[in-house]
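The values are calculated or read from the model by the stated rules, or taken from the named source; none is laboratory data. On a predicted model such as this, the values are computed, not experimentally measured, just so you know. Because the Cβ atoms are built from the backbone with ideal geometry, glycine has one as well, and the counts that use them run over all protein chains shown.
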Amino acid sequence: MKKAVSVCIALLGVIFCLGFGAMDSSAAQTGSDKGKETPMAAYGALRVQGRNLVNEKGEKVQLYGMSTHGISWFPQFVSRETFQTLKEDWNTNCIRIAMYTAEYGGYCSGGSQEELKNLVKNGVSYATETGMYVIIDWHVLQDRDPNVYKDEAVTFFDEISALYGNQSNVLYEICNEPNSGVSWEMIKNYAEAVIPVIRRNDPDAVIIVGTPNWSQEIDKVLENPLDYDNVMYALHFYAATHTDWLRERCKICLEAGLPVFISEFGMCDASGSGGNDFTQATEWMKLIDDYHLSYCCWNLANKNETSSIIQPDCMKISKWTEEELSESGRWIQRQFLTEHP
Ligand code: IDC
């Protein structure tokens, strides 16, 4: 009898230890997430309410993170490890995937459309696994007028949005930066062709629309906005070039109720190089903070240019040390970590 009791006690002890062991290992698994819910789990489906991006409960949401460089040039950064690092070590909740349309290896300029689509799809999968929001950016630049490749855009967004209709973390940016005299009316015509195609597949997704003059003349939208729900308008700034006057314009639009999304910005000048102007960048961050704006920083690459966040001699695609980051990288990482504790 005594023996049976001691066997029972021993068994209970083993079960107890195993139980705690199991608890410990599950704690270790969530340890890398610092015990936080993923951004997607915390916010769910997003929508636009007045000038704000809001979550399912109608509370304001701020998306923030990095934009890739062109994925034709730097496909290696569309990776699971990269996105994990950006979420866990950089505290970001969003990633923008920039697919150029007309530049080197662009979607409409000789790049392999299948490979580019696969990169976009992989990017969306990695973001989803990581619990982040993801922006699919049709990166109009050298083509100036989004109508030049409107048919290609319609086909692309039709195919891509059909995949994500039941996912709540995908946003569509339908034209990065129309420029060189392309008017808001021309952009609006384009948007009116592309948005219904996305809406058919993904009725509630948030759609970001670029604005004239490299997404700076956002005020042109005020008199003639698009007649769709869940649309936001892009404003892009490069702090060493675009200062008070563009912030003033941004404020006027916000006060008039326009939903603004800063889907691209840099701390340097508009060439993507030159020196950083952190005084101006800090002024921009104040505005972003005051209005709870969403913002994506250009760019996630190791190119030898100021706006790239990784040193050109560093080949790592994740877990960069401070020394492996550029001056821009160090500044923006600190911004993400301190602004959104
Ligand atoms: C720049 C890249 C650069 C690349 C060039 C191609 O930083 O490496 O050679 O594009 O034209 C934008 C654009 C963005 C630009 C960036 C800096 O959206 O594509 O990237 N910029 O010039 N608008 C304002 C600045």
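Filter the range 253-275 down to residues that are surrounded by fewer than 18 Cβ atoms within 10 Å (Cβ to Cβ), farther than 20 Å from R47 by Cα and not polar (S, T, N, Q), then give me how many there are.
Going through the range 253-275 one residue at a time, the tally reaches 4.
Out of (1) surrounded by 15 or more Cβ atoms within 10 Å (Cβ to Cβ); (2) farther than 18 Å from I208 by Cβ, the odd one out for C250 is which?
(2)
Any idea which residue in the range 57-86 is surrounded by the fewest Cβ atoms within 10 Å (Cβ to Cβ), counting only those that are of a type in the set (A, V, I, L, M) and within 25 Å of P259 (Cα to Cα)?
V61
So, in the range 282-305, of the ones that are among the hydrophobic types (A, V, I, L, M, F, W, C), in contact with a strand residue (DSSP E or B) (Cβ under 8 Å, 6 or more places away or on another chain) and farther than 17 Å from S215 by Cβ, which residue ends up nearest to the ligand (Cβ to nearest atom)?
A301
Taking the residues in the range 166-191 that are among the acidic types (D, E) and under 24 Å from N52 (Cβ atoms) as candidates, determine which candidate is surrounded by the most Cβ atoms within 10 Å (Cβ to Cβ).
E173
Quick check: is even one residue across the range 212-232 within 16 Å of the ligand (Cβ to nearest atom) and within 17 Å of the chain's Cα centre (by Cα)?
Checked against the condition, which is being within 16 Å of the ligand (Cβ to nearest atom) and within 17 Å of the chain's Cα centre (by Cα), the range 212-232 yields at least one hit.
Return the only residue of T101, T155 being in contact with a His (Cβ under 8 Å, 6 or more places away or on another chain), of a type in the set (S, T, N, Q) and over 30 Å from T338 (Cα atoms).
Checking each option against the conditions leaves just T101.
What are the residues in the range 113-143 that are surrounded by fewer than 24 Cβ atoms within 10 Å (Cβ to Cβ), more than 18 Å from L46 (Cα to Cα) and either within 15 Å of the ligand (Cβ to nearest atom) or in contact (Cβ under 8 Å) with a residue 60 or more places away in the chain (or both), if any?
L141, Q142, D143
Does V54 qualify as being surrounded by 12 or more Cβ atoms within 10 Å (Cβ to Cβ), of a type in the set (V, I, T), over 27 Å from D289 (Cβ atoms) and at pLDDT 95 or above?
no
Output the residue which, of all residues in the range 41-51 that are assigned to a strand (DSSP E or B) and not aliphatic (A, V, I, L, M), is surrounded by the fewest Cβ atoms within 10 Å (Cβ to Cβ).
Here the residue is Q49.
Would you confirm whether or not the range 206-218 contains a residue that is outside any loop (DSSP other than H, G, I, E, B) and of a type in the set (D, E, K, R)?
no
List the strands (runs of 3 or more DSSP E) that sit entirely inside the range 83-176 and contain at least 2 residues that are touching a Cys at 6+ places or on another chain (Cβ under 7 Å) and closer than 19 Å to N201 by Cα.
Hits in the range 83-176: 133-139.
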